[in-house]
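What follows is a short report on a single structure.
The values are calculated or read from the model by the stated rules, or taken from the named source; none is laboratory data. All values derive from a computational prediction rather than experimental measurement. Virtual Cβ from ideal backbone geometry, glycine too; neighbours counted across all protein chains shown. Areas reflect the complete protein model, heavy atoms only, side chains present, ligands, DNA and RNA absent. Shrake-Rupley method; radii C 1.70, N 1.55, O 1.52, S 1.80 Å.
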Amino acid sequence: MKFTIKWEMHGYFVELRRMIGNPEHSGHPRPLNPTELPVPTRLLSKEALNDVKLVTETHTSCKMARNFIYKKIGHFVDSAKIAWLQTKSDNPKKKDDIHNMLGMFKSSNEVRFTSLSDVPIDQYCYVDPHEKSTDAADTVTMSLSKDENNNITQEDIRTKKSLAEIDVLAKKERIARKLKKKDELFISIAWTVMPLFRFFLLCPEVIWCDVTSHSNNKGFSLFTFSCRTSLDRQALFLWIWIPNEQRFSFRWVFQHAIPILIPACHRNRVKFIMKDGDTQQRNEIIGALKNVFPNAVEGGCGYHIVHQSWTREAPGVTCVRTSSQAVFLAIKHKIMKWCYSWMKPGYVESEVEYAISKYLLLQFICSASVLSALEGKTHLVVHILRWLKGYVLPWDTLYLFYLRKNVRHYLTTHGSAHEGTNFGLKNHSAPMQPTMSMSTSAKTLNLQADLKAAELKKIAHDDFVNTNKHWSDKPTSKFTTTFGEGLLKSVYDRSGLYRSRRVGLREFQVDFIGENEIEEDINVSDAELFAQTPLPLFGRIRNVKVTDDGNLICDCCRFQHSGYFCEHVVSVSTKISWYMHLAFKKSTPIHIQQMYHRLACQDFSGPHLVLDLPDPEVWPIESFIPHLPAVERLKNYVDSDVSEMNNFFEASFSQSFEPDNDVTDVDDEVFLVMSEMLKGSITSNSEDKFAESLNDASVPESVAAKTKTRDIFAETLGDPYH
């Protein structure tokens, strides 16, 4: 074997390209092309090293940096070496990634935070010297916070009665982990990024909160808060790592972290808090409503209450034969949509209307059409009734629209918008990953926040500069965002479907004169969603009043729950809106920020009428039309269809039922009697509507495809139900 030894500026090396092996051996592998060999990082140019650093700092992944370098210089660099380069560039003086994260937060001018740790008492600056000398207090559970002026403060949480329990739990955790006195026990941290937090200050009326897992390699859960901006974009504004989902974690969040990071003047503007079904989280939210968010009410996620509970507690599609599964899914979707209609405006807007809709839904479940579709299996009907009474109706105070139509909640009925935001954290171009360290994950989240803030600023800037909305000729078009003007234009376009009558000096009645009865006071998308569900529809006459100070108030409460006027008010007058995206911006002068803040905090009862009311001789006063009872206002049912409603609710349906207990034969007997009572009260008119609804049912294409696949297997392997 022959080889050549050569030398270059980096040292000696063996040349194997020529005179290698026996030339008569043709089975040896050919020598590799040098361009295909991994390049040592020490041979990369400064420009290439800088490119690697910039790409990895975007937190897209080391593999993305590897691909970028390969495309730019044509050489392959292993992603492990790129990760090593990134680690080498970090500050080596920090002890671990949690210290790196805290150091990053302290040095950033855009981050405000508060952390919770159990540390050696020597690190607490405000400790009593007498206490410091005792053996009983080797460590102290304290909070470390940084405000908007970059001032760092410490606070002993034992001074707060509601948080004193955390100190005891921290001491127990130290014993369980066998930590030394000099060791620090990190518990939790909450932080905000100011460029994105400003959008919460603009739109704080409704906030969402939820916990997501797999956010770091230390097992901490990420508790996030988001708001909906006037640009129709969901934006996270608060990130919190909590050690678990026990009640003490949420107590620290709501009783300590939020009061520190969100000023009271902005917390007082929060009107509605949407959360999922976590019991521990809800208990602390209820407590926070007393002093942290005193003007807010809680809401329950309709998706979790209806859909998720059906998945857990209601019968599944496999309870019927393959040939009946499509219609079973149609029944399931109609029942769910019926429940969702209670969360929307225009369907049930009073206690009596809710009772009528609920009674007709129970009749639909117990109808002959549904029983036939369920292959005559009465126990499935009983199972559905048990689900509805045990897992949906007990939570109706958290989702009924008519109970919160006077609360500014922007028709929020579920937490899907926030769930999608949490999902986006892990499916971003710079994603948060479960293998990331705490510091790397925090950097990633902050980068995502900066990108989101830049996107929102760009949208707001475009709306601010491009004021000519050619698709709208309304006077508000130059002063509103594109999304806001779209809402107002839809109101203007529909105002022609209503007729107003003056019935007093300051009172008006507005009724619907359109041909399509479904569209009355109902969102068009909602009408399409519920079109094939036999929901009860009610006719209404709206009352519009003009207060002494000139504000118009409509009993549909559109202005109260959504913040903009309704078609009924447009039929009487109009109002010009304001543009507020300069508020809470550092470059905006303080006196202008204060003006915007006063404007945002003013609680108007309705749009202001800028013109004087005409004299009765100009606009005559007509006779007042009395409001009819809900039963007489039914548009697609008759009063005889619900004549037995009061007797049913006073008798069978009033019996208590605890869903958490084991189901007994007595419980089944109760629901069986209930179903027989409902079945006997169904009129022929209602039965015809139920049957027509099932005949017109449209199954989603994805469901139909699955059913078709099952049919193919059934034909090949045989149907197990036969």
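List of remarks:
- Residues whose amide H falls under 5 Å from that of Gly300, counting only those 5 or more places apart or on a different chain, are Tyr399, with hydrogens built in the peptide plane.
- Maximal additional length on extending the Asp473-Ser107 stretch stands at 126.8 nm, based on 0.36 nm per residue less the C-alpha distance.
- Applying 0.36 nm per residue to the separation of Leu403 and Asn244 and subtracting their alpha-carbon distance, the gain on full extension is 53.9 nm.
- Mean separation of Cα contacts under 8 Å, 6 or more apart, over the residue count of segment 155-304: relative contact order %: 21
- Stretchable slack from Ser437 to Lys161, in nm (0.36 nm times residue separation minus alpha-carbon distance): 96.0 nm
- Long-range amide H partners of Ser221 with built H, under 5 Å: Ile242, Asn244
- Site pair Lys171 and Phe649 shows an inter-label distance of 5.4 nm when each label is modelled 7 Å from Cα along Cα→Cβ.
- Where labels lie 7 Å past Cα in the beta-carbon direction, separation of Phe624 and Gln308 in nm: 4.7
- Cα-centre dipole for segment 295-445 with unit charges at Cβ (Lys and Arg positive, Asp and Glu negative), debye to 20: 240
- Overall form of segment 372-435 per C-alpha gyration tensor (a/c, 1.5; a/b vs b/c): oblate
- Calculated FRET efficiency, Asp183 to Ile73, Cβ-Cβ distance, R0 = 41 Å: about 0.35 to the nearest 0.05.
- Within the full protein context, the accessible area of Thr153 is estimated at about 70 Å² for a probe radius of 1.4 Å.
- Long pairs among Lys334/Lys405; Lys358/Lys635; Lys458/Lys478; Lys332/Lys679; Lys218/Lys275; Lys6/Lys81, criterion Cα-Cα beyond 22 Å: Lys334/Lys405; Lys218/Lys275; Lys6/Lys81
- Point-charge dipole on Cβ atoms (K/R +1, D/E -1) for segment 332-410, about Cα centre, debye to 20: 240
- If you plug the beta carbon distance of Tyr12 and Thr41 into 1/(1 + (r/R0)^6) with R0 = 25 Å, you get a FRET efficiency near 0.75.
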